[in-house]
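Take a look at the structure set out below.
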Amino acid sequence: MTNTQQGKESVKGNYRIELPDIGEGIAEVEILEWPVAVGDMIKEDDVVCVVMTDKASVEIPAPVDGEVIAIGAPAGQMMAVGSELMRLHTDDAQANVSPDEPANATPVADSAPEPVIESPVVEKPVVAEPAKQVETKPASAPVSRPASAKAPSAKAPLPRAEGEKPIAAPAVRQRARNAGIDLRQVHGTGPAGRITHDDLDAFIAGDSQPVASSGRAALTGMQEIPVIGLRRKIAQVMQDAKQRIPHFTYVEEIDVTELEALRQKLNAQRKEGQPKLTVLPFIMRAIVVAMREYPQMSSRYNDVDNIVEQYAAAHIGIATQTDKGLMVPVVRHSEALSLWESADEIKRLSSAAREGGIKAEELNGSTITITSLGPMGGLVHTPVINTPEVAIVGVNKIAKRPVWQDGAFIPRDIMNLSSSFDHRIIDGWEAT
């Protein structure tokens with residue numbers, strides 16, 4: 001019986017929570033995270049499960065109070081809409097199934113994964129499930145605790161051999177450089193010893209000791225890291241893009257000496273509250289201008305119906321590295337924004353993505369994407385197209401190089417642009 005009102009009139013004891021219809025024609029979702037475990041006491045509207053759709057993560061709230069007695073599936077598995085998500089033990093007035101009706105959910109505590117940090121909502125990016133050690137340990141008995149209470153972190157820093165390069169996202173590395181911190185001295189508690197912003201915060205606050213060199217001792221052990229949630233979606237999208245799109249990449253050397261002089265001048269004149277101009281707003285303006293002559297660059301290709309959707313607007317995606325994976329917030333109507341407005345929107349969206357406050361609609365609808373390796377970048381890279389778009393512009397680092405000019409070598413600021421195109425739609429002549 002699934003009708004709640006009928007259940008209240010006829011049966012007592014337990015409450016079945018079904019996976020709700022999330023909308024947009026979604027028939028099944030991936031179970032991403034269980035913030036609660038069997039034995040937990042929860043309140044109405046507490047988040048009991050986080051699922052992943054094709055576009056974003058969605059939090060499922062509890063409709064009633066109760067004790068968790070069974071969960072539907074472990075993290076990483078797919079579940080159909082309407083399936084039994086979990087079962088609660090409730091008071092008589094809230095029950096909608098008989099206590100003796102068998103549960104389709106799993107009534108064992110050790111099947112529920114350990115809660116992860118910061119459960120994302122619909123508008124937020126997904127948190128990948130923590131790494132799981134191969135070595136198995138006896139399952140501990142269920143512990144009853146309020147759903148709102150935060151469990152202490154079970155993550156422990158992994159040993160790092162002498163000379164081993166620390167693993168960290170570009171944003172973490174940049175922040176460490178700005179703070180003058182050697183990441184080799186910071187403990188990493190993320191998957192495979194990855195250093196997160198929280199680890200950096202703990203090091204700065206003095207809550208963690210510097211990593212002690214382990215000499216040249218051999219390391220043992222292996223981790224199995226489930227590829228779920230955002231990481232799985234990234235893998236699927238990248239694989240699909242490379243299999244379906246015949247990429248070609250064109251690299252052009254750009255003299256940005258005058259651009260850098262202008263950027264520094266504008267930054268020196270910026271008003272209070274205005275963000276610092278990077279090279280990205282200038283690249284965005286250049287794309288907007290180029291699209292007047294080559295409007296096909298601002299397109300999305302429906303290769304099922306063989307239709308190219310060509311847009312007058314420039315909705316520019318900005319590839320952003322976060323601790324959870326690569327995300328692409330979208331600066332909408334870039335053609336209508338000034339340099340300062342573009343810079344402000346880039347800062348707002350990238351901060352929201354990294355801090356977990358990005359909205360689902362801010363991650364969709366881009367017509368062309370910029371991916372920047374920034375000051376960490378090399379000379380050239382071959383970016384993968386953000387399908388179903390047909391072009392992506394890759395920004396590399398700016399370097400001083402000697403350029404022959406007026407009979408002598410002079411230092412100039414040079415930057416390479418590595419841009420990839422869908423050869424089904426864009427020809428080499430257009431790309432150059």
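Failed condition for V380, given (1) modelled with pLDDT under 95; (2) of a type in the set (A, V, I, L, M, F, W, C); (3) out of contact with any Ser or Thr (no Cβ under 9 Å at 6 or more places or on another chain), with all others met? Only one criterion is unmet by V380, namely (3). I425 meets the conditions (1) touching a helix residue (DSSP H, G or I) at 6+ places or on another chain (Cβ under 7 Å); (2) of a type in the set (A, V, I, L, M, F, W, C); (3) crowded, with 22+ Cβ neighbours inside 10 Å in every case but one. The failed one is (3).
Within segment 294-340, the residues that satisfy the criterion of being out of contact with any strand residue (DSSP E or B) (no Cβ under 6 Å at 6 or more places or on another chain) and among the aromatic types (F, W, Y) are Y294, Y311, W340.
Between S372, S419, S366, which is under 27 Å from N302 (Cα atoms) and in contact with an Asp or Glu (Cβ under 7 Å, 6 or more places away or on another chain)?
Answer to the check: S366.
For the criterion of being among the aliphatic types (A, V, I, L, M), surrounded by 17 or more Cβ atoms within 10 Å (Cβ to Cβ) and at pLDDT below 85, V58 passes. From the list R292, R300, R354, the lone residue that is farther than 22 Å from T196 by Cβ, under 24 Å from the mean Cα position of the chain (by Cα) and open to solvent by 50 Å² or more (accessible area, probe 1.4 Å) is R300. The residues on offer are R244, R270, R231, and the sole one that is surrounded by 17 or more Cβ atoms within 10 Å (Cβ to Cβ), at pLDDT below 95 and not β-branched (V, I, T) is R231.
Select from segment 279-289 the residues that are among the basic types (K, R) and over 27 Å from the mean Cα position of the chain (by Cα) and list them in ascending order.
Filtering segment 279-289 for residues among the basic types (K, R) gives 285.
If the condition is that a residue be among the basic types (K, R) and over 27 Å from the mean Cα position of the chain (by Cα), then no residue fits.
Selection within segment 7-37: residues that are within 18 Å of A95 (Cβ to Cβ) and crowded, with 21+ Cβ neighbours inside 10 Å. The member of this set that is modelled with the lowest pLDDT is N14. Of the residues V50, V68, the single one that is assigned to a strand (DSSP E or B), buried (at least 18 other Cβ atoms within 10 Å of the Cβ) and at pLDDT 90 or above is V68. For segment 71-83, the set of residues classified as surrounded by fewer than 19 Cβ atoms within 10 Å (Cβ to Cβ) and part of a loop (DSSP other than H, G, I, E, B) consists of P74, G76, Q77, V81, G82, S83, listed by residue number.
Listed by first and then second residue, the pairs with beta-carbon distance under 7 Å, at least 6 apart or on different chains, first residue in segment 172-184 and among the hydrophobic types (A, V, I, L, M, F, W, C), second in a loop (DSSP other than H, G, I, E, B), are V172/T196; L183/P166. Taken as a whole, the condition of being free of Cβ contacts under 8 Å to residues at least 12 places away in the same chain, at positive phi and out of contact with any Ser or Thr (no Cβ under 7 Å at 6 or more places or on another chain) applies to G206.
For segment 376-416, enumerate the residues that are assigned to a loop (DSSP other than H, G, I, E, B), in contact with an Asp or Glu (Cβ under 7 Å, 6 or more places away or on another chain) and open to solvent by less than 30 Å² (accessible area, probe 1.4 Å).
We begin by selecting, within segment 376-416, every residue assigned to a loop (DSSP other than H, G, I, E, B); these are 377-388, 390, 406-407.
Now drop any that are not in contact with an Asp or Glu (Cβ under 7 Å, 6 or more places away or on another chain), which leaves 385, 387, 390.
Answer for segment 376-416, where residues must be assigned to a loop (DSSP other than H, G, I, E, B), in contact with an Asp or Glu (Cβ under 7 Å, 6 or more places away or on another chain) and open to solvent by less than 30 Å² (accessible area, probe 1.4 Å): I385, V390.
With respect to (1) closer than 27 Å to G273 by Cβ; (2) open to solvent by 40 Å² or more (accessible area, probe 1.4 Å), the lone exception for A343 is condition (2). Checking T257 against (1) closer than 30 Å to D413 by Cα; (2) under 28 Å from the mean Cα position of the chain (by Cα); (3) at pLDDT 95 or above; (4) among the hydroxyl-bearing types (S, T, Y), only one condition comes out false. Which one? Evaluating T257 over (1) closer than 30 Å to D413 by Cα; (2) under 28 Å from the mean Cα position of the chain (by Cα); (3) at pLDDT 95 or above; (4) among the hydroxyl-bearing types (S, T, Y) leaves (2) as the failure.
Across segment 17-47, the number of residues qualifying as assigned to a loop (DSSP other than H, G, I, E, B), acidic (D, E) and out of contact with any Lys or Arg (no Cβ under 9 Å at 6 or more places or on another chain) comes to 4.
Would you pick out the residues in segment 33-64 that are touching a strand residue (DSSP E or B) at 6+ places or on another chain (Cβ under 7 Å) and more than 21 Å from G23 (Cβ to Cβ)? Quick ask: steps written out before the conclusion?
The initial filter retains those residues of segment 33-64 that are touching a strand residue (DSSP E or B) at 6+ places or on another chain (Cβ under 7 Å), namely 33-42, 45-53, 57-64.
Matches in segment 33-64: W34, P35, V36, A37, V38, G39, D40, M41, I42, D46, V64.
The values are calculated or read from the model by the stated rules, or taken from the named source; none is laboratory data. Being a predicted model, the structure only gives us computed values, none of them experimental. Note: ideal-geometry Cβ built from the backbone for every residue, glycine included; neighbour counts use all protein chains shown. These accessible areas exclude ligands, DNA and RNA; they are computed on the full protein's heavy atoms, side chains included. Shrake-Rupley method; radii C 1.70, N 1.55, O 1.52, S 1.80 Å.
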